[in-house]
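The values are calculated or read from the model by the stated rules, or taken from the named source; none is laboratory data. If you're wondering where the values come from, they're calculated on a predicted model, not measured in any experiment. When we count neighbours, we look across all protein chains shown, and the Cβ atoms used for this are built from the backbone with ideal geometry, even at glycine.
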Amino acid sequence: MADQVYTIEKLVAGGMGIVHDGPQTIFIPFVIPGEQVKIRIEPGTRKPVRASVQEFISRSPHRAEPPCPLFMRCGGCQLQHVAYPAQVSLKQEILAETLLRIGRVQAEMKPIIPSPQPYHYRRRIRLHVQAGRAGFYAEWKRELVPVPYCYLAEDAINRALATLGEFIERDRARSIELIAEDETSCLAAVEGSREEKIYRRKEGENWRPEPDRKIAFQQVNPEQNQALRKTIAELVAELRPGGVIELYAGSGNLTEVILPHCAWLEAVDADRAAVELAEQTLGAAFAGRVEFVHREAETYLASAWKKKLKPDLIVLDPPRTGAKEAIPGILRIAPPHLIYVSCDPASLARDLKELIAAGYQLRSLTPLDMFPQTAHIEAVAVLGK
(Lines give C-alpha, C1' and ligand atoms only; values in the text may rest on other atoms or scores of the structure.)
Protein backbone atom coordinates (compact mmCIF):
# COMPACT_ATOMS: atom_id res chain seq x y z
CA MET A 1 0.00 0.00 0.00
CA ALA A 2 2.90 2.37 0.68
CA ASP A 3 3.87 2.45 -3.02
CA GLN A 4 0.35 2.39 -4.43
CA VAL A 5 -0.98 5.62 -5.93
CA TYR A 6 -4.60 6.52 -5.17
CA THR A 7 -6.77 9.17 -6.83
CA ILE A 8 -9.04 11.07 -4.43
CA GLU A 9 -12.56 10.26 -5.57
CA LYS A 10 -14.62 12.84 -3.70
CA LEU A 11 -15.11 14.61 -0.37
CA VAL A 12 -17.78 13.38 2.03
CA ALA A 13 -19.40 14.74 5.19
CA GLY A 14 -16.73 16.00 7.56
CA GLY A 15 -14.58 17.18 4.64
CA MET A 16 -12.70 13.88 4.33
CA GLY A 17 -11.54 12.57 0.98
CA ILE A 18 -12.15 8.94 0.13
CA VAL A 19 -10.40 6.27 -1.92
CA HIS A 20 -11.15 2.59 -2.30
CA ASP A 21 -8.75 -0.32 -1.93
CA GLY A 22 -10.84 -3.21 -3.16
CA PRO A 23 -14.02 -3.22 -1.05
CA GLN A 24 -12.40 -1.11 1.67
CA THR A 25 -13.18 2.62 1.92
CA ILE A 26 -10.32 4.74 3.23
CA PHE A 27 -10.82 8.27 4.58
CA ILE A 28 -8.07 10.86 4.11
CA PRO A 29 -8.14 14.45 5.46
CA PHE A 30 -6.78 17.60 3.81
CA VAL A 31 -7.06 16.40 0.21
CA ILE A 32 -9.02 17.53 -2.87
CA PRO A 33 -10.85 15.38 -5.45
CA GLY A 34 -8.62 14.43 -8.38
CA GLU A 35 -5.36 14.62 -6.44
CA GLN A 36 -3.08 11.59 -6.65
CA VAL A 37 -1.43 10.48 -3.42
CA LYS A 38 0.47 7.77 -1.65
CA ILE A 39 -0.97 7.11 1.80
CA ARG A 40 -0.18 5.64 5.18
CA ILE A 41 -2.92 3.94 7.21
CA GLU A 42 -3.19 5.54 10.63
CA PRO A 43 -2.32 2.97 13.31
CA GLY A 44 -5.19 1.74 15.45
CA THR A 45 -7.95 2.66 12.97
CA ARG A 46 -10.34 -0.05 11.80
CA LYS A 47 -13.75 1.31 10.81
CA PRO A 48 -13.70 3.89 9.48
CA VAL A 49 -10.17 3.33 8.18
CA ARG A 50 -8.23 6.61 8.23
CA ALA A 51 -5.01 7.40 6.43
CA SER A 52 -2.68 10.36 6.02
CA VAL A 53 -0.92 11.52 2.87
CA GLN A 54 2.60 10.16 2.63
CA GLU A 55 3.35 11.82 -0.70
CA PHE A 56 1.51 13.94 -3.27
CA ILE A 57 1.97 12.65 -6.80
CA SER A 58 -0.23 15.42 -8.23
CA ARG A 59 -1.97 18.38 -6.61
CA SER A 60 -5.25 20.06 -7.44
CA PRO A 61 -5.22 23.53 -9.07
CA HIS A 62 -7.75 24.44 -6.37
CA ARG A 63 -5.22 23.86 -3.57
CA ALA A 64 -4.48 26.97 -1.46
CA GLU A 65 -1.84 27.84 1.14
CA PRO A 66 -3.53 27.80 4.60
CA PRO A 67 -2.86 31.08 6.46
CA CYS A 68 -3.15 29.50 9.92
CA PRO A 69 -0.01 27.79 11.31
CA LEU A 70 -2.26 25.55 13.45
CA PHE A 71 -4.16 24.12 10.47
CA MET A 72 -4.06 20.30 10.39
CA ARG A 73 -3.43 20.29 14.17
CA CYS A 74 -6.37 22.35 15.45
CA GLY A 75 -9.77 20.73 14.94
CA GLY A 76 -11.55 23.99 14.15
CA CYS A 77 -10.96 23.97 10.37
CA GLN A 78 -10.92 21.20 7.78
CA LEU A 79 -10.79 23.06 4.43
CA GLN A 80 -8.23 25.87 4.59
CA HIS A 81 -6.22 23.96 1.97
CA VAL A 82 -9.00 24.53 -0.61
CA ALA A 83 -9.40 27.86 -2.46
CA TYR A 84 -12.70 29.40 -1.39
CA PRO A 85 -14.61 29.22 -4.73
CA ALA A 86 -13.84 25.50 -4.88
CA GLN A 87 -14.85 25.08 -1.22
CA VAL A 88 -18.42 26.18 -1.83
CA SER A 89 -18.74 23.95 -4.91
CA LEU A 90 -17.42 20.97 -2.95
CA LYS A 91 -19.85 21.66 -0.10
CA GLN A 92 -22.76 21.58 -2.53
CA GLU A 93 -21.51 18.20 -3.78
CA ILE A 94 -21.07 16.90 -0.21
CA LEU A 95 -24.64 17.89 0.65
CA ALA A 96 -26.03 16.15 -2.44
CA GLU A 97 -23.96 13.01 -1.78
CA THR A 98 -25.03 12.84 1.89
CA LEU A 99 -28.72 13.26 1.11
CA LEU A 100 -28.57 10.51 -1.49
CA ARG A 101 -26.45 8.10 0.58
CA ILE A 102 -28.29 8.43 3.90
CA GLY A 103 -31.76 9.60 2.93
CA ARG A 104 -32.10 8.27 -0.62
CA VAL A 105 -33.08 11.84 -1.44
CA GLN A 106 -32.11 13.10 -4.89
CA ALA A 107 -32.54 16.83 -4.63
CA GLU A 108 -32.29 19.62 -7.17
CA MET A 109 -30.51 22.41 -5.34
CA LYS A 110 -30.41 26.11 -5.77
CA PRO A 111 -26.87 27.52 -6.05
CA ILE A 112 -25.07 27.66 -2.72
CA ILE A 113 -24.92 31.14 -1.13
CA PRO A 114 -21.22 31.88 -0.39
CA SER A 115 -20.05 33.85 2.62
CA PRO A 116 -18.94 37.45 1.91
CA GLN A 117 -16.10 36.89 4.40
CA PRO A 118 -14.16 33.60 4.07
CA TYR A 119 -12.07 34.52 7.15
CA HIS A 120 -12.65 36.58 10.32
CA TYR A 121 -16.40 36.03 10.12
CA ARG A 122 -17.07 34.42 13.52
CA ARG A 123 -18.52 36.69 16.17
CA ARG A 124 -18.36 33.97 18.82
CA ILE A 125 -16.03 31.09 19.63
CA ARG A 126 -15.94 28.57 22.49
CA LEU A 127 -12.55 27.65 23.91
CA HIS A 128 -11.82 24.65 26.12
CA VAL A 129 -9.41 24.97 29.06
CA GLN A 130 -6.86 22.39 30.15
CA ALA A 131 -3.78 22.77 32.34
CA GLY A 132 -4.14 26.55 32.43
CA ARG A 133 -4.36 26.95 28.64
CA ALA A 134 -7.30 27.81 26.38
CA GLY A 135 -7.77 26.42 22.89
CA PHE A 136 -9.59 24.00 20.58
CA TYR A 137 -9.41 20.24 20.52
CA ALA A 138 -7.43 18.48 17.83
CA GLU A 139 -9.41 16.91 14.98
CA TRP A 140 -9.26 13.27 16.07
CA LYS A 141 -7.94 13.48 19.65
CA ARG A 142 -8.94 15.01 22.97
CA GLU A 143 -5.64 16.84 22.85
CA LEU A 144 -5.94 20.59 23.43
CA VAL A 145 -4.32 22.90 20.87
CA PRO A 146 -3.68 26.34 22.46
CA VAL A 147 -4.98 29.13 20.22
CA PRO A 148 -3.33 32.56 20.56
CA TYR A 149 -5.05 33.80 17.37
CA CYS A 150 -7.98 32.42 15.35
CA TYR A 151 -8.23 33.25 11.66
CA LEU A 152 -11.99 32.64 11.72
CA ALA A 153 -12.72 35.02 14.62
CA GLU A 154 -13.49 38.73 14.50
CA ASP A 155 -10.75 41.12 15.61
CA ALA A 156 -12.36 41.94 18.96
CA ILE A 157 -12.21 38.26 19.90
CA ASN A 158 -8.57 37.90 18.86
CA ARG A 159 -7.59 40.92 20.93
CA ALA A 160 -9.37 39.36 23.93
CA LEU A 161 -7.55 36.01 23.65
CA ALA A 162 -4.45 37.35 25.40
CA THR A 163 -6.49 38.44 28.45
CA LEU A 164 -8.05 35.12 29.49
CA GLY A 165 -5.55 34.23 32.21
CA GLU A 166 -7.60 35.83 34.98
CA PHE A 167 -10.64 33.65 34.21
CA ILE A 168 -8.58 30.50 33.99
CA GLU A 169 -6.98 31.11 37.37
CA ARG A 170 -9.68 32.89 39.39
CA ASP A 171 -12.82 31.15 38.07
CA ARG A 172 -11.18 27.77 37.44
CA ALA A 173 -12.62 27.95 33.95
CA ARG A 174 -13.42 24.77 32.07
CA SER A 175 -14.58 26.60 28.96
CA ILE A 176 -14.79 30.22 27.82
CA GLU A 177 -17.10 31.53 25.12
CA LEU A 178 -16.06 34.85 23.60
CA ILE A 179 -18.71 36.93 21.82
CA ALA A 180 -17.88 40.09 19.88
CA GLU A 181 -20.51 42.76 20.52
CA ASP A 182 -18.88 45.22 18.11
CA GLU A 183 -15.38 46.21 16.98
CA THR A 184 -14.30 47.38 20.45
CA SER A 185 -16.19 45.27 23.01
CA CYS A 186 -16.43 41.60 23.82
CA LEU A 187 -18.38 39.34 26.18
CA ALA A 188 -16.95 36.30 27.94
CA ALA A 189 -19.21 33.50 29.21
CA VAL A 190 -16.97 31.62 31.65
CA GLU A 191 -18.05 28.15 32.70
CA GLY A 192 -16.27 27.44 35.98
CA SER A 193 -16.38 24.65 38.50
CA ARG A 194 -19.60 25.98 40.04
CA GLU A 195 -21.49 28.27 37.68
CA GLU A 196 -21.32 30.31 34.49
CA LYS A 197 -20.30 33.95 34.87
CA ILE A 198 -20.65 36.69 32.26
CA TYR A 199 -18.04 39.44 31.81
CA ARG A 200 -17.72 42.36 29.42
CA ARG A 201 -14.62 44.16 28.21
CA LYS A 202 -14.17 47.31 26.15
CA GLU A 203 -10.93 47.89 24.27
CA GLY A 204 -8.22 49.14 26.67
CA GLU A 205 -10.25 48.30 29.80
CA ASN A 206 -10.40 45.38 32.21
CA TRP A 207 -13.10 42.70 32.22
CA ARG A 208 -16.11 43.65 34.34
CA PRO A 209 -18.77 41.22 35.63
CA GLU A 210 -22.28 41.53 34.18
CA PRO A 211 -24.38 39.22 36.38
CA ASP A 212 -27.71 40.29 34.82
CA ARG A 213 -26.63 39.70 31.23
CA LYS A 214 -28.39 36.87 29.37
CA ILE A 215 -26.75 35.08 26.47
CA ALA A 216 -28.67 32.92 24.01
CA PHE A 217 -27.68 31.05 20.86
CA GLN A 218 -26.95 33.23 17.83
CA GLN A 219 -25.60 32.42 14.40
CA VAL A 220 -21.84 32.96 14.39
CA ASN A 221 -21.60 34.58 10.93
CA PRO A 222 -23.53 37.90 10.96
CA GLU A 223 -23.47 38.54 7.21
CA GLN A 224 -24.53 35.02 6.31
CA ASN A 225 -27.17 35.16 9.02
CA GLN A 226 -28.71 38.08 7.13
CA ALA A 227 -28.69 35.93 3.97
CA LEU A 228 -30.43 33.16 5.93
CA ARG A 229 -33.05 35.57 7.31
CA LYS A 230 -33.67 37.00 3.82
CA THR A 231 -34.10 33.47 2.42
CA ILE A 232 -36.59 32.52 5.14
CA ALA A 233 -38.55 35.76 4.78
CA GLU A 234 -38.90 35.25 1.02
CA LEU A 235 -39.98 31.62 1.40
CA VAL A 236 -42.62 32.46 4.03
CA ALA A 237 -43.88 35.40 1.97
CA GLU A 238 -44.40 33.04 -0.99
CA LEU A 239 -46.34 30.55 1.14
CA ARG A 240 -48.53 33.27 2.77
CA PRO A 241 -49.41 31.13 5.82
CA GLY A 242 -52.15 32.04 8.26
CA GLY A 243 -50.63 30.39 11.33
CA VAL A 244 -47.05 29.29 11.96
CA ILE A 245 -45.35 27.13 14.57
CA GLU A 246 -41.62 27.79 14.89
CA LEU A 247 -39.63 25.07 16.65
CA TYR A 248 -36.14 25.61 18.09
CA ALA A 249 -36.85 29.33 17.76
CA GLY A 250 -34.04 30.48 20.05
CA SER A 251 -34.00 34.20 20.81
CA GLY A 252 -36.12 35.13 17.78
CA ASN A 253 -33.59 35.37 14.95
CA LEU A 254 -35.99 33.87 12.39
CA THR A 255 -39.16 34.75 14.31
CA GLU A 256 -38.59 38.41 13.51
CA VAL A 257 -38.63 37.87 9.74
CA ILE A 258 -41.47 35.31 9.75
CA LEU A 259 -43.94 37.45 11.72
CA PRO A 260 -44.60 40.12 9.04
CA HIS A 261 -45.87 37.36 6.71
CA CYS A 262 -48.32 35.45 8.90
CA ALA A 263 -51.42 36.05 11.04
CA TRP A 264 -50.15 34.30 14.19
CA LEU A 265 -47.04 32.50 15.36
CA GLU A 266 -46.04 30.33 18.31
CA ALA A 267 -42.25 30.34 18.85
CA VAL A 268 -40.98 27.39 20.90
CA ASP A 269 -37.59 26.73 22.49
CA ALA A 270 -36.22 24.67 25.38
CA ASP A 271 -33.79 27.43 26.47
CA ARG A 272 -35.54 29.67 28.99
CA ALA A 273 -33.04 32.53 28.58
CA ALA A 274 -33.54 32.50 24.80
CA VAL A 275 -37.33 32.56 25.13
CA GLU A 276 -37.22 35.45 27.61
CA LEU A 277 -34.86 37.40 25.35
CA ALA A 278 -37.15 36.85 22.34
CA GLU A 279 -40.15 38.03 24.33
CA GLN A 280 -38.29 41.16 25.45
CA THR A 281 -37.17 42.11 21.94
CA LEU A 282 -40.21 41.11 19.87
CA GLY A 283 -43.19 40.73 22.21
CA ALA A 284 -44.27 44.37 22.28
CA ALA A 285 -43.82 44.98 18.54
CA PHE A 286 -45.99 41.99 17.61
CA ALA A 287 -48.35 41.91 20.60
CA GLY A 288 -51.36 39.66 20.09
CA ARG A 289 -49.83 37.85 17.12
CA VAL A 290 -46.98 35.92 18.73
CA GLU A 291 -46.67 33.64 21.74
CA PHE A 292 -43.29 32.56 23.09
CA VAL A 293 -43.25 29.09 24.66
CA HIS A 294 -40.53 27.63 26.87
CA ARG A 295 -40.81 23.89 26.20
CA GLU A 296 -39.12 20.96 24.49
CA ALA A 297 -40.28 20.69 20.87
CA GLU A 298 -41.79 17.20 21.19
CA THR A 299 -43.66 18.11 24.41
CA TYR A 300 -45.05 21.26 22.83
CA LEU A 301 -46.19 19.39 19.70
CA ALA A 302 -48.10 16.85 21.81
CA SER A 303 -50.02 19.64 23.53
CA ALA A 304 -50.58 21.51 20.25
CA TRP A 305 -52.10 18.37 18.73
CA LYS A 306 -54.40 17.93 21.73
CA LYS A 307 -55.53 21.57 21.32
CA LYS A 308 -56.16 20.82 17.62
CA LEU A 309 -53.87 23.63 16.58
CA LYS A 310 -53.80 23.84 12.78
CA PRO A 311 -50.81 25.83 11.48
CA ASP A 312 -50.28 26.26 7.76
CA LEU A 313 -46.53 26.08 8.25
CA ILE A 314 -44.01 24.65 10.70
CA VAL A 315 -40.53 26.18 10.63
CA LEU A 316 -37.80 24.25 12.44
CA ASP A 317 -34.16 25.13 13.02
CA PRO A 318 -32.86 22.25 15.16
CA PRO A 319 -29.34 21.73 16.53
CA ARG A 320 -26.79 19.60 14.70
CA THR A 321 -28.41 16.40 15.98
CA GLY A 322 -31.54 17.20 13.97
CA ALA A 323 -35.24 16.91 14.81
CA LYS A 324 -35.68 13.17 15.27
CA GLU A 325 -37.71 13.53 18.49
CA ALA A 326 -39.99 16.17 16.96
CA ILE A 327 -40.78 14.40 13.67
CA PRO A 328 -43.62 12.21 15.06
CA GLY A 329 -45.35 15.30 16.48
CA ILE A 330 -44.92 17.20 13.22
CA LEU A 331 -46.42 14.32 11.25
CA ARG A 332 -49.34 14.11 13.66
CA ILE A 333 -50.17 17.82 13.22
CA ALA A 334 -49.47 17.45 9.47
CA PRO A 335 -49.16 21.06 8.31
CA PRO A 336 -49.31 21.56 4.53
CA HIS A 337 -45.87 23.23 4.51
CA LEU A 338 -42.53 22.77 6.31
CA ILE A 339 -39.35 24.84 6.25
CA TYR A 340 -36.41 22.93 7.74
CA VAL A 341 -33.18 24.86 8.49
CA SER A 342 -30.31 22.42 8.95
CA CYS A 343 -26.66 22.77 9.96
CA ASP A 344 -25.81 19.08 9.43
CA PRO A 345 -26.35 17.17 6.15
CA ALA A 346 -26.45 13.76 7.87
CA SER A 347 -29.25 14.58 10.31
CA LEU A 348 -31.09 16.50 7.54
CA ALA A 349 -30.91 13.43 5.27
CA ARG A 350 -32.26 11.18 8.03
CA ASP A 351 -35.15 13.51 8.84
CA LEU A 352 -36.03 14.22 5.19
CA LYS A 353 -36.20 10.49 4.54
CA GLU A 354 -38.84 10.09 7.26
CA LEU A 355 -40.83 13.15 6.20
CA ILE A 356 -40.85 12.12 2.54
CA ALA A 357 -41.89 8.57 3.46
CA ALA A 358 -44.85 10.11 5.30
CA GLY A 359 -46.07 11.93 2.21
CA TYR A 360 -44.16 15.23 2.03
CA GLN A 361 -42.36 16.29 -1.14
CA LEU A 362 -39.09 18.22 -1.17
CA ARG A 363 -39.95 21.43 -3.03
CA SER A 364 -36.63 23.26 -2.84
CA LEU A 365 -33.23 23.09 -1.17
CA THR A 366 -30.94 26.09 -0.68
CA PRO A 367 -27.43 25.57 0.78
CA LEU A 368 -25.59 28.40 2.52
CA ASP A 369 -21.94 28.51 3.54
CA MET A 370 -22.32 29.71 7.11
CA PHE A 371 -18.96 28.29 8.18
CA PRO A 372 -16.15 28.86 5.62
CA GLN A 373 -12.94 26.82 6.07
CA THR A 374 -14.90 24.14 7.95
CA ALA A 375 -16.83 21.10 6.75
CA HIS A 376 -20.13 22.36 8.21
CA ILE A 377 -22.95 23.06 5.75
CA GLU A 378 -26.17 25.02 6.35
CA ALA A 379 -29.21 24.27 4.19
CA VAL A 380 -32.86 25.37 3.96
CA ALA A 381 -35.32 22.69 2.80
CA VAL A 382 -38.92 23.47 1.85
CA LEU A 383 -41.42 20.60 1.93
CA GLY A 384 -45.08 20.43 1.03
CA LYS A 385 -47.96 18.04 0.53
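Which ones in the stretch 28-48 are at pLDDT 90 or above and within 26 Å of the chain's Cα centre (by Cα)? Within the stretch 28-48, I28, P29, F30, V31, I32, P33 meet the criteria.
Would you confirm whether any residue within the stretch 28-48 is touching a residue at least 40 places away in the same chain (Cβ under 8 Å) and surrounded by fewer than 14 Cβ atoms within 10 Å (Cβ to Cβ)? Checked the stretch 28-48: no residue is touching a residue at least 40 places away in the same chain (Cβ under 8 Å) and surrounded by fewer than 14 Cβ atoms within 10 Å (Cβ to Cβ).
Table: residues versus (1) aliphatic (A, V, I, L, M); (2) within 19 Å of P345 (Cβ to Cβ).
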site: L11; (1), (2): yes, yes
site: G14; (1), (2): no, yes
site: G17; (1), (2): no, yes
site: D21; (1), (2): no, no
site: R46; (1), (2): no, no
site: P61; (1), (2): no, no
site: P66; (1), (2): no, no
site: F71; (1), (2): no, no
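I need the full set of residues from the stretch 63-104 which are over 17 Å from P367 (Cβ atoms) and in contact with a His (Cβ under 7 Å, 6 or more places away or on another chain), in order please. Scanning the stretch 63-104 gives R63, A64, P66, A83.
Filtering the stretch 238-256 down to residues that are within 24 Å of the chain's Cα centre (by Cα) and not aliphatic (A, V, I, L, M), which residue is farthest from R159 (Cα to Cα)? So the residue we want is E246. Comparison of P146, P111 shows that the only residue that is over 30 Å from A381 (Cα atoms) and surrounded by fewer than 18 Cβ atoms within 10 Å (Cβ to Cβ) is P146. Of the residues in the stretch 240-252, at least one is of a type in the set (S, T, N, Q) and closer than 19 Å to I198 by Cα. Whether any residue in the stretch 101-120 is among the small types (G, A, S) and either assigned by TED's automatic domain parsing to the domain that holds R194 or more than 26 Å from A346 (Cα to Cα) (or both) is what I want to check. Within the stretch 101-120 (the criterion being among the small types (G, A, S) and either assigned by TED's automatic domain parsing to the domain that holds R194 or more than 26 Å from A346 (Cα to Cα) (or both)), the answer is no, since none of the residues qualifies.
Pairs meeting the criteria (first residue in the stretch 343-358 and free of Cβ contacts under 8 Å to residues at least 12 places away in the same chain and closer than 22 Å to K385 by Cβ, second residue among the hydroxyl-bearing types (S, T, Y) and part of a helix (DSSP H, G or I), beta carbons under 9 Å, at least 6 apart or on different chains) are lacking. The residues listed here are F56, F30; of these, the one that is not in a loop (DSSP other than H, G, I, E, B) and not assigned by TED's automatic domain parsing to the domain that holds C150 is F56.
The combined condition, being buried (at least 18 other Cβ atoms within 10 Å of the Cβ) and outside any strand (DSSP E or B), is fulfilled by Q78. I18 fulfils the conditions (1) more than 17 Å from Q373 (Cβ to Cβ); (2) touching a residue at least 12 places away in the same chain (Cβ under 8 Å); (3) aliphatic (A, V, I, L, M) except for a single criterion, (2).
No other residue among L277, L235, L228 is under 17 Å from the mean Cα position of the chain (by Cα) and touching a residue at least 60 places away in the same chain (Cβ under 8 Å) apart from L228.
I18 - would you say it is assigned to a strand (DSSP E or B), over 18 Å from H376 (Cα atoms) and not aromatic (F, W, Y)? No; evaluated as a whole, the condition is false for this residue.
Being assigned to a loop (DSSP other than H, G, I, E, B) and either at pLDDT 95 or above or among the aliphatic types (A, V, I, L, M) (or both), is that true of even one residue in the stretch 131-141? Quick ask: steps written out before the conclusion?
Step one: list which residues in the stretch 131-141 are assigned to a loop (DSSP other than H, G, I, E, B), which gives 131-132, 139-141.
Applying the additional criterion that residues be either at pLDDT 95 or above or among the aliphatic types (A, V, I, L, M) (or both) yields 131.
Checking the stretch 131-141: at least one residue is assigned to a loop (DSSP other than H, G, I, E, B) and either at pLDDT 95 or above or among the aliphatic types (A, V, I, L, M) (or both).
Exactly one residue out of A131, A162, A138 is buried (at least 16 other Cβ atoms within 10 Å of the Cβ) and of a type outside the set (F, W, Y): that is A138.
Just checking, does the stretch 226-240 include any residue being assigned to a loop (DSSP other than H, G, I, E, B), out of contact with any Cys (no Cβ under 6 Å at 6 or more places or on another chain) and modelled with pLDDT under 95? Within the stretch 226-240, none of the residues are assigned to a loop (DSSP other than H, G, I, E, B), out of contact with any Cys (no Cβ under 6 Å at 6 or more places or on another chain) and modelled with pLDDT under 95. The residue that is modelled with the highest pLDDT, counting only those in the stretch 2-15 that are assigned to a loop (DSSP other than H, G, I, E, B) and over 19 Å from A96 (Cα atoms), is V5.
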